[in-house]
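Notes follow the structure.
The values are calculated or read from the model by the stated rules, or taken from the named source; none is laboratory data. For clarity, every value in this text was computed on a predicted model and none was experimentally measured. Cβ: placed from backbone, ideal geometry, glycine included. Neighbour counts: every protein chain shown. Just so you know, the surface numbers come from the protein's heavy atoms only, side chains and all, with ligands and any DNA or RNA stripped out. Shrake-Rupley method; radii C 1.70, N 1.55, O 1.52, S 1.80 Å.
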Amino acid sequence: MKTELLAPAGSMEALRAAVSAGADAVYLGGTAFGARAYAKNLDEQEILSAIDYVHLRNRKLYLTVNTLLKEEELEEKLYPYLRPYYEQGLDAVIVQDMGVMQAIRSWFPELDIHASTQMTVTGSAGARFLESLGATRIVPARELSLAEIQKIHRTTNLEIECFVHGALCYCYSGQCLLSSLIGGRSGNRGRCAQPCRLPYEAYDKDGHRMGEPGDRYPLSPKDMCTIELLPEIIKSGVMSLKIEGRMKKPEYTAGVVSVYRKYLDLYEEKPSRFRVLPEDMKKLYDLYNRDGFNKSYYTVRNGRDMMALKNEKEQENRKKQRRNEQLFYEIQRDYIETEKKAPVSGFLTLYPGQPAFLSADSGRYSVTAEAGMVEAAKKQPLTEERVKAQLEKTGETPFYFRELDVCMDENCFVPMQILNELRRSVSDQLAREMTEPYRRKAVEKPAKKAKTEVKQCQEKRTEKIVELTASAETRAQWNALLEIPEITTIYAGMGCFKREIFEEQAEKGILQAKELGKQVYLMLPHVVREGDLKEYRDTFRYLKETGLGGFLIRNLESFSYLKEIGIESGIRLDYSVYTYNSRAQSFWREQGVQRDTVPYELNEREIGKRDNTDSEMVVYGYLPMMVSAQCVQKSLNGCNHSYSLVHLKDRMGKYFPVKSYCTSCYSVIYNSLPLGLAKEADQIRKLHPAAVRLNFTIETLEETKEIATAFAGVYCRGTAIFGDHEYTKGHFHRKVE
């Protein structure tokens, strides 16, 4: 399969520039449901025109629908939004939400679905699962290595699309709540305010400032530039090379595409001669860079060299002062002012007493047109040169004559308007012929779920009695939770049991909890990479036989791994396997999942519209704001190969805990204050969740015991909460954008 060069477009001008510069496909967002809501984006008529524009030039167009959709958006707005694009011939949609994926498969069965990088696909098991659901392409997490990508390629038939150039998020895409919790603008909703690009100070556990002088941007990665790695990336199985930048200007898009086009062609034609010239690297650098470039995660796990730690404003000012005006002039001239047209062959006949006749052939399609009547010349006859010059004024048409043969009498005349009419006629016919095969007819959207069924769900909810569950990440927290009689289920993180004697300790813990009337579920890591769980295969099976209730999972890879080894019973979903809408909930129930977790970004009113009978709701805990392959400890002070807890201080003086999970090599940035929904207990009971949950992460044994006892009193005994703790209400009282 030929490698595709995929370009971003935030406007029609950028789309035309990308195609002119050599892009094989373009991805863009519309007026809704795209992960770049603040880009200019295109309206409906522009997208319809764009679909034809790319198809006339033998290119493709993909539309981003890669946000999480709330119930009314999915059921009332998505179908009418997508239908005209589907019927026009849209090539594919890029999707994050599992409910959206299921709806599109049902409503628009001929439309290819590309699993967005927002789905956080981190391994081959997750990729195989998505393939079984009908995805034709995946965009895996940007943090994967070439070896991990190659494993996906070897074990699936999926197309693999990977980012090769542009901005890098600090967080695993789809796992970021930083912008949402700080300012109410959700990255999962396409409205990220990029607070990660702001300055932060980092402090170690002893309160000492971390890093070198000037390290003020610990969450800001450099832009990626992987052009020197193209051969290795392609060999790993990547068939679509994706450039990031829908917020960027057309000059940026065209410039980057043109350089990658040059080297992709060079590699495919003469692999042995592949070498990137310094002047082309300078072009990419001059177009845009953030404190230099990195080569993404393809060959490294993380590290200081990947980060733009210094003052970005100073970098920006220096770049503005030395902008490469000649480069931008050339881009304007070659790709923006010069539009890419499709080649056709033409044949014109002009003989007195006969209509003027023109045929045009695109290779696959051929059309003809007649107009007017050719006359014998009374004065100055037409010349072949004059006729060709007039016909070759293709202007606004999408074609140009690569070849134009003219057969004409030496003494003939026809008005120029007749030649113009012929040119317009064949152009219009050819455009219709070339775009017609892409047209589809959409089926009517099935009727919504009957109100009686919804009422039955509501009646079912009122029968549920709320129970109290809790999660622990440390042995101390585990021990504290065992002492709280009201807690019915403990979700034990892998760190609760020593790795060297994991099976033995876990078995004892399960039996100990059982004696106290509690169930135990293993809480698997936030991020699971290829092979991370392999050593636990037999252990997990044995623990299930011993009495383990099941697993609390945070990602597709965990679910798919458990499913493939045959122990998918007893799976519960954490917040990060999103169930924003009823279709997503229904999908996971059909997969046999016991429970989901109410998404952190839904407010009270929105939660009230859900069927929460099989959902747990978190009412206490430091909410994870970012899950990252990077590590503040390693970037600023070097890797210490062990658990560390550092703090980031923002411009407002707030401190955010950052916890390293060294066994799986990732870190989590938590909110500065824990969520605490104690005073809201009566409101939460009316939402009828299956359970309310307390999440413990960085608390000591004493803190865990005190907080768990207090919340047990509020939710299980009806007593008032005590203790002098400051809490956030998260999104319970406020709507996320």
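The residues on offer are Ala32, Ala92, and the sole one that is open to solvent by less than 20 Å² (accessible area, probe 1.4 Å) and either small (Gly, Ala, Ser) or more than 19 Å from Met119 (Cα to Cα) (or both) is Ala92. Restricting the range 182-214 to residues that are in contact with a strand residue (DSSP E or B) (Cβ under 7 Å, 6 or more places away or on another chain) and open to solvent by 20 Å² or more (accessible area, probe 1.4 Å) leaves a set whose member that is farthest from Tyr622 (Cα to Cα) is Gly211. Exactly one residue among Asp52, Asp43 is under 22 Å from the mean Cα position of the chain (by Cα) and of a type in the set (D, E, K, R), and that residue is Asp43.
Residues in the range 139-157 that are open to solvent by 10 Å² or more (accessible area, probe 1.4 Å) and more than 11 Å from the chain's Cα centre (by Cα): Ser145, Leu146, Ala147, Glu148, Gln150, Lys151, His153, Arg154, Thr155, Thr156, Asn157. Scanning the range 158-208 for residues that are under 13 Å from the mean Cα position of the chain (by Cα) and among the β-branched types (Val, Ile, Thr) yields nothing. Applying the condition of being touching a residue at least 60 places away in the same chain (Cβ under 8 Å) and more than 30 Å from Leu15 (Cβ to Cβ) to the range 337-356 and asking which residue is nearest to the chain's Cα centre (by Cα) yields Phe347. Scanning the range 357-378 for residues that are among the hydrophobic types (A, V, I, L, M, F, W, C), assigned to a strand (DSSP E or B) and surrounded by fewer than 15 Cβ atoms within 10 Å (Cβ to Cβ) yields one hit, Ala376. The number of residues in the range 486-502 that are over 20 Å from Ala708 (Cα atoms), surrounded by 16 or more Cβ atoms within 10 Å (Cβ to Cβ) and not aromatic (Phe, Trp, Tyr) comes to 1. The residues of the range 508-539 that are assigned to a helix (DSSP H, G or I), surrounded by fewer than 20 Cβ atoms within 10 Å (Cβ to Cβ) and either more than 33 Å from the chain's Cα centre (by Cα) or in contact (Cβ under 8 Å) with a residue 60 or more places away in the chain (or both), listed by number, are Lys508, Leu511, Gln512, Lys514, Glu515, Asp538, Thr539. Restricting attention to the range 276-326, the residues that are at pLDDT below 85, polar (S, T, N, Q) and surrounded by 13 or more Cβ atoms within 10 Å (Cβ to Cβ) add up to 2.
Right, Arg83: assigned to a helix (DSSP H, G or I) and open to solvent by 10 Å² or more (accessible area, probe 1.4 Å) or not? Criteria met by Arg83.
Please find, within the range 97-108, the residue that is farthest from Pro599 (Cα to Cα) out of those that are open to solvent by 10 Å² or more (accessible area, probe 1.4 Å) and in contact (Cβ under 8 Å) with a residue 40 or more places away in the chain. Across the range 97-108, the extreme among qualifying residues is Ser106. Does any residue of the range 564-573 turn out to be buried (at least 22 other Cβ atoms within 10 Å of the Cβ) and outside any strand (DSSP E or B)? Scanning the range 564-573, I find no residue that is buried (at least 22 other Cβ atoms within 10 Å of the Cβ) and outside any strand (DSSP E or B), so the answer is no.
Within the range 679-703, residues that are under 29 Å from Val658 (Cα atoms) and at pLDDT 95 or above sit with their Cβ atoms under 7 Å from residues that are among the hydrophobic types (A, V, I, L, M, F, W, C) and surrounded by fewer than 16 Cβ atoms within 10 Å (Cβ to Cβ), at 6+ positions apart or across chains, in these pairs: Ile698/Leu645. Residue pairs whose Cβ atoms lie under 8 Å apart, sitting 6 or more positions apart in sequence or on different chains, and linking a residue in the range 199-219 that is within 24 Å of Cys169 (Cβ to Cβ) and touching a residue at least 40 places away in the same chain (Cβ under 8 Å) to a partner that is polar (S, T, N, Q) and open to solvent by 60 Å² or more (accessible area, probe 1.4 Å), are Met210/Asn637; Gly211/Asn637.
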